[in-house]
Amino acid sequence: MLGAYFDFIRIRFLTMLAYRVNYYSGILIYTLNIGVNYFTWKAIYGGGESLGGFTGAQMTTYVAVSWMARAFYFNNLDREISTDIRDGSIAIQFIRPYNYVLVKMMQGLGEGMFRFMMLMLPGMIIAILLFPVQLPTELSAWAGFLVMLFFSFLISSQINIITGLSAFFVENNEGMMRMKRVVVDLFSGLIVPITLFPDWLSSVLKVLPFQAITYLPGSVFTGRVQGVGIWNVLGIQVIWFLILLVPIVWLYHAARQRLFVQGG
Amino acid sequence: MYYLGLLIEYLKNYMKTRLTYRADFWVEVISDLLFQATNFIFILVIFMHTDSLGGWNQNEVVFVYGFFMVPFGVFSCFVNMWGFSERYIVKGEMDRILTRPAHNLFQIFLENVDPPSLFGSIIGLTIMAISGSNLGLPFEWWTIPMLIILTLSAVAIYTGIYTTLTSLSFYSDAPTGILPLMYNIQTYGRYPVTIYNRAIQVLLTWIIPFAFVGIYPAALFLHRDEMRTMALLTPVVGAVFLGIGLTAWSYGVKKYKGAGS
């Protein structure tokens, strides 16, 4: 039974491999994103020493690591699910002997593994060559980062699944998907590290799941958070992973009651 | 005339479909505005920590952002190629388009009109007015005509770039992941390009000329003389890139062989 789920990872990985254009353009564009952000922050720093607890060098590393992490955890599960719902093919998927949400998660993981090997690693190497990125040297930081990266993927995919399943209730969730994309990029700390937000906003963001996707792992990797703090970060990620399971299970059950097919 | 009639018919159709999903219409308007708000927040957050960005103060950067929103709203309303490959190539709807008398690209634009995007343009104009008056910008006789010309040129640039990229899907059957990433890059044209290093400046000016949809044209209204030549070049760049887009498209359509059923 479990083998079937692993096959979903493998198949998605191979499917991704077929779309080479996306892969080359992906590396190019992620590098460009890092470059532009690097220069923007350099201009913001001007002659200043540190902003919101980040030194200039840490900010460069943070930007590079955050964008590369995004290369791994980003996927379009929300769009896939809402397409399945809208064209009615979800009806068939529901009667197959597997858990639809788990299958989507596995497909997301297959895509993530592809992105990790084909986008993130080569992109990271290019970024290190082009920009003054300072990576940690201890093995433990790397191990910790990989575990956190995996949780970033889980949390981001969970949010995608929730957004996708919402298509059961609002029929056309294009707007929600766009909103989600923007909210995740901004509030996860990808565009602006959370400490730079005004106090009221950053205190709101501290109780939302988005920071667990980019900001917290990025802080650990740039060396701002060390020692016991690393366990706290991991704890927050695990807690959000568990909390987000609740709406998914609920939505999934409610959806099976509510399913009406709009065509197809 | 014929095309204008088509446009009106499609807009009527749009209203009818939209009224079926009434709640969603407002969700979309709000999500569009939220998208703009988040970029706006980024600018505000930056200026909480610095007084100038490459020699441009907060009001100037906000003004540039306001200008940026105007053509982007118009572009998103009339030219929406998001999901072209899935809808028209993979599902074979392109065949239907090609059997009709009106120009194929025009039909695709019409089928995807998105009037709520125009809210963004209105807000952009408002932002320009507010930050412009904060800066005490003079209102010249050429302000309005130039605004229209530069907006249309910027829309032409967007259309050119996205049509070129979309026509790639005639050659490779990949669902292009390039468009969403391009949407990330276009926002960089809003910031003073002089802060970037030479390679990125050249890229944003001549290769994917997003600097011409934000900072250069806006500099004209801000009386930033160092960018005046670039601002006046905007219509030329618009014409060139629109030309490239249309050429790439018509080559692509010739290459097109039906797929799917």
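Out of all the residues in the stretch B:220-255, which are among the aliphatic types (A, V, I, L, M) and either in contact with a His (Cβ under 7 Å, 6 or more places away or on another chain) or within 17 Å of B:PHE84 (Cα to Cα) (or both)?
Across the stretch B:220-255, the qualifying residues are B:LEU246, B:ALA248, B:VAL253.
Given the conditions (1) over 30 Å from A:VAL170 (Cα atoms); (2) within 9 Å of another protein chain (Cβ to nearest Cβ); (3) surrounded by fewer than 19 Cβ atoms within 10 Å (Cβ to Cβ), which single one is not true for B:VAL29?
(1)
Given (1) touching a Pro at 6+ places or on another chain (Cβ under 8 Å); (2) within 19 Å of B:TYR196 (Cβ to Cβ); (3) within 13 Å of another protein chain (Cβ to nearest Cβ); (4) not hydrophobic (A, V, I, L, M, F, W, C), identify the lone condition not met by A:THR60.
Checking A:THR60 against (1) touching a Pro at 6+ places or on another chain (Cβ under 8 Å); (2) within 19 Å of B:TYR196 (Cβ to Cβ); (3) within 13 Å of another protein chain (Cβ to nearest Cβ); (4) not hydrophobic (A, V, I, L, M, F, W, C), the one that fails is (3).
Under 8 Å between Cβ atoms, at least 6 apart or on separate chains: pull out the pairs that start in the stretch A:197-209 with a residue that is in contact (Cβ under 8 Å) with a residue 12 or more places away in the chain and end on any residue that is open to solvent by 70 Å² or more (accessible area, probe 1.4 Å).
Listed pairs, sorted by first residue: A:PRO209/A:ILE243.
Just to confirm my filter: which helices (runs of 4 or more DSSP H) fall fully inside the stretch B:184-261 and include at least 3 residues that are modelled with pLDDT of 90 or more? Full working, then the answer.
Values: elements: B:198-202, B:215-221, B:228-255.
Because the criterion is at least 3 residues that are modelled with pLDDT of 90 or more, the helices (runs of 4 or more DSSP H) in the stretch B:184-261 that meet it are B:215-221, B:228-255.
Among residues belonging to the stretch B:50-92 that are touching a helix residue (DSSP H, G or I) at 6+ places or on another chain (Cβ under 6 Å) and facing chain A (nearest Cβ under 9 Å), point out the one that is least open to solvent (accessible area, probe 1.4 Å).
Per the stated criteria, the residue is B:LEU53.
Listed residues A:SER66, A:SER89, A:SER82; which is in contact (Cβ under 8 Å) with a residue 24 or more places away in the chain, more than 10 Å from chain B (Cβ to nearest Cβ), of a type in the set (Ser, Thr, Tyr) and open to solvent by 20 Å² or more (accessible area, probe 1.4 Å)? Spell out the reasoning first.
Values: A:SER66 fails: open to solvent by 20 Å² or more (accessible area, probe 1.4 Å); A:SER82 fails: open to solvent by 20 Å² or more (accessible area, probe 1.4 Å).
Going through A:SER66, A:SER89, A:SER82 in turn, just one is in contact (Cβ under 8 Å) with a residue 24 or more places away in the chain, more than 10 Å from chain B (Cβ to nearest Cβ), of a type in the set (Ser, Thr, Tyr) and open to solvent by 20 Å² or more (accessible area, probe 1.4 Å): A:SER89.
Output the residue which, of all residues in the stretch B:74-127 that are polar (S, T, N, Q) and assigned to a helix (DSSP H, G or I), is farthest from B:PHE63 (Cα to Cα). Break it down into steps so the answer makes sense when it comes.
Of the residues in the stretch B:74-127, the ones polar (S, T, N, Q) are B:76, B:80, B:85, B:99, B:104, B:107, B:112, B:117, B:121, B:126.
Next, only the ones that are assigned to a helix (DSSP H, G or I) stay: B:76, B:85, B:104, B:107, B:117, B:121, B:126.
Numbers: B:SER76: 20, B:SER85: 35, B:ASN104: 37, B:GLN107: 35, B:SER117: 19, B:SER121: 13, B:THR126: 10 Å.
Per the stated criteria, the residue is B:ASN104.
Considering only the stretch A:142-233, give the helices (runs of 4 or more DSSP H) lying wholly within it that have at least 2 residues that are closer than 30 Å to A:ASP87 by Cα and out of contact with any Pro (no Cβ under 8 Å at 6 or more places or on another chain).
Working: elements: A:167-170, A:174-187, A:199-205, A:215-221.
It comes to A:167-170, A:174-187.
Would you say A:LEU165 is more than 27 Å from A:LEU32 (Cα to Cα) and either in contact with a His (Cβ under 7 Å, 6 or more places away or on another chain) or open to solvent by 20 Å² or more (accessible area, probe 1.4 Å) (or both)?
Numbers: more than 27 Å from A:LEU32 (Cα to Cα): yes; either in contact with a His (Cβ under 7 Å, 6 or more places away or on another chain) or open to solvent by 20 Å² or more (accessible area, probe 1.4 Å) (or both): no.
For A:LEU165, the condition - more than 27 Å from A:LEU32 (Cα to Cα) and either in contact with a His (Cβ under 7 Å, 6 or more places away or on another chain) or open to solvent by 20 Å² or more (accessible area, probe 1.4 Å) (or both) - is not met.
Output the number of residues of the stretch A:124-147 satisfying the condition of being open to solvent by less than 30 Å² (accessible area, probe 1.4 Å) and in contact with a Gly (Cβ under 8 Å, 6 or more places away or on another chain).
Total satisfying the criteria: 3.
The values are calculated or read from the model by the stated rules, or taken from the named source; none is laboratory data. Note that the coordinates shown come from a computational prediction; the quantities given were computed from them, not determined experimentally. Backbone-built Cβ (ideal geometry, glycine too); neighbour counts: all protein chains shown. Remember, those area values only see protein heavy atoms, side chains included, never the ligands or the DNA or RNA. Shrake-Rupley method; radii C 1.70, N 1.55, O 1.52, S 1.80 Å.
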